[in-house]
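Notes follow once the structure below has been shown.
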Amino acid sequence: MVRNIVLLGGNSHPELTESICNILGVPPCKRVLTKFSGGESRCEIADSVRGKDVYIIQSGSGKVNDNLVELCIMISACKTGSAKRVTAVVPLFPYSRQPDFPYNKSGAPLTKSTENNQRKDYTFESVPATPRPGGPRSSGLSNGVNGLAEKLSKSVIPENQTDGDYFPPKRSDTLSSISSNSSTTRYHDNNNSSTSLTSQPSFTTHDYEKPAAPGVHFQAKPGYKQWVAQAGTLVADLLTCAGADHIITMDLHDPQYQGFFDIPVDNLYGKALIQNYIQSHIPEYRDAVIVSPDAGGAKRASAIRDSLDMDFALIHKERRPIKFAEQRNASMMLVGDVANRVCILVDDLIDTANTITRAAKLLKREGATKVYALVTHGAFSGDSIPRINASAIDKIIVTNSVPQHEHRRKCPKLEVLDISPVFAEAIRRVHHGESISVLFQLS
């Protein structure tokens, strides 16, 4: 039994909270976590947390936004109750698939355009073309930068002026000022006095001066990257400002997410669970092939391959646009030999199951005899369960980082691994100040 510790569970995964409490021999903290009639969350900690080491277990599944707000409120409530330290235990971290980049690879806008004015001459050359000797010249900018050498060649000192008589051009004679002055209007007041009003300011105004008509969306030029909302640092700052002192999670989709926090983050790995399943449930596993469904998970899959001394294959997925449009066709290519062999797909997350079902179809087409899919987090959103049932996957194995009771009822191919011993051991080691490196070693 662990002393001077409080385990507080949210509404996202009560079964996981109960299992961790049973392993540690600690009863769960009594709390009231409901909603008011207006939809706002209500949290009340019934037990004392003063001077205690509090661990709040809340997974980012189901109603993600509600669970995130509940987690922040519980953290704040414990800090207000004079808790010594508050650690957020989040098996599936919310918004971890949205890294803090200003735009994605395709430059996807937040809203899709309703008009269908697409370019017919799109190529895979950089737009505009990379400058090089003898290469094509771009049309340049509208502020007069294009053809700078040509304009400078015209700026020759007149021969009839001496060095002392020459005066440089005024600011009002430059191209930007001339264009600005051309939009100047004049009006006469009652005293017949003429006054100048500039209708265009001297700074860049984008589209504020000429708002688009209702229903007309902004049309980006080729090569323009539109900004998308950034949620990475926002969620990290929310938890930190709420009062979290430590974060424990598992298999972050983007490892750079740890750098968004100013507090310690322990990213556990499901590698040990996956390896144990392969060794104990897959016959003649050394003759099988570990397959990564995309290039992003190659490091994770190759680590398991190195530990078990198995062959490795990679599915390369690239989206090549036929035209300059938002939707692009994705082509998948297998790198490796899987003919007449058992294939084991390894990934960190299944959401819509589109990628992993297409990968299984490709493996069966290339001659694989059986396809396993071992995934850490099984979110299973949308129509992912019917898609898996109709796919070429023979068996899919996920952990209980999110509730899986309903998914198991609908999918006979699904098998669930228990991660509560891993998190229970991590909590025990953190509470006693012991090292937890053995829980997330990749080698």
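Here are a few things to note about the model shown:
- Residue within region 372-381 that is buried (at least 21 other Cβ atoms within 10 Å of the Cβ), over 22 Å from the mean Cα position of the chain (by Cα) and touching a residue at least 12 places away in the same chain (Cβ under 8 Å) present: yes
- Across region 1-17, the number of residues qualifying as open to solvent by 80 Å² or more (accessible area, probe 1.4 Å) and part of a loop (DSSP other than H, G, I, E, B) comes to 3.
- Checking each residue in region 55-70 for being more than 13 Å from T17 (Cβ to Cβ) and either touching a helix residue (DSSP H, G or I) at 6+ places or on another chain (Cβ under 8 Å) or not assigned by the TED database to the domain that holds H253 (or both) picks out G60, S61, L68.
- Residue pairs meeting the criteria (Cβ under 9 Å; at least 6 apart or on separate chains; first in contact (Cβ under 8 Å) with a residue 40 or more places away in the chain, in region 26-45; second open to solvent by 50 Å² or more (accessible area, probe 1.4 Å) and in a strand (DSSP E or B)): R31/E44; L33/R42; L33/E44
Okay, residues lined up against (1) part of a helix (DSSP H, G or I); (2) within 24 Å of Y257 (Cβ to Cβ):
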{"residue": "S19", "(1), (2)": "yes, no"}
{"residue": "N22", "(1), (2)": "yes, no"}
{"residue": "V32", "(1), (2)": "no, no"}
{"residue": "G39", "(1), (2)": "no, no"}
{"residue": "G51", "(1), (2)": "no, no"}
{"residue": "I56", "(1), (2)": "no, yes"}
{"residue": "D66", "(1), (2)": "yes, yes"}
{"residue": "I75", "(1), (2)": "yes, yes"}
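- Of the candidates L349, L362, the single residue that is farther than 26 Å from P403 by Cβ and modelled with pLDDT of 90 or more is L362.
- Criterion (over 19 Å from V398 (Cα atoms), touching an Asp or Glu at 6+ places or on another chain (Cβ under 7 Å) and at pLDDT below 90) met by exactly one of G223, G232, G297: G232
- Residues being crowded, with 19+ Cβ neighbours inside 10 Å, at pLDDT below 95 and within 24 Å of T352 (Cα to Cα) are entirely absent from region 327-340.
The values are calculated or read from the model by the stated rules, or taken from the named source; none is laboratory data. Quick caveat: nothing in here was measured; it's all calculated off a predicted structure. Reconstructed Cβ throughout: ideal geometry from the backbone, glycine too, with neighbour counts over all protein chains shown. Accessible surface areas use protein heavy atoms only, side chains included; no ligands, DNA or RNA. Shrake-Rupley method; radii C 1.70, N 1.55, O 1.52, S 1.80 Å.
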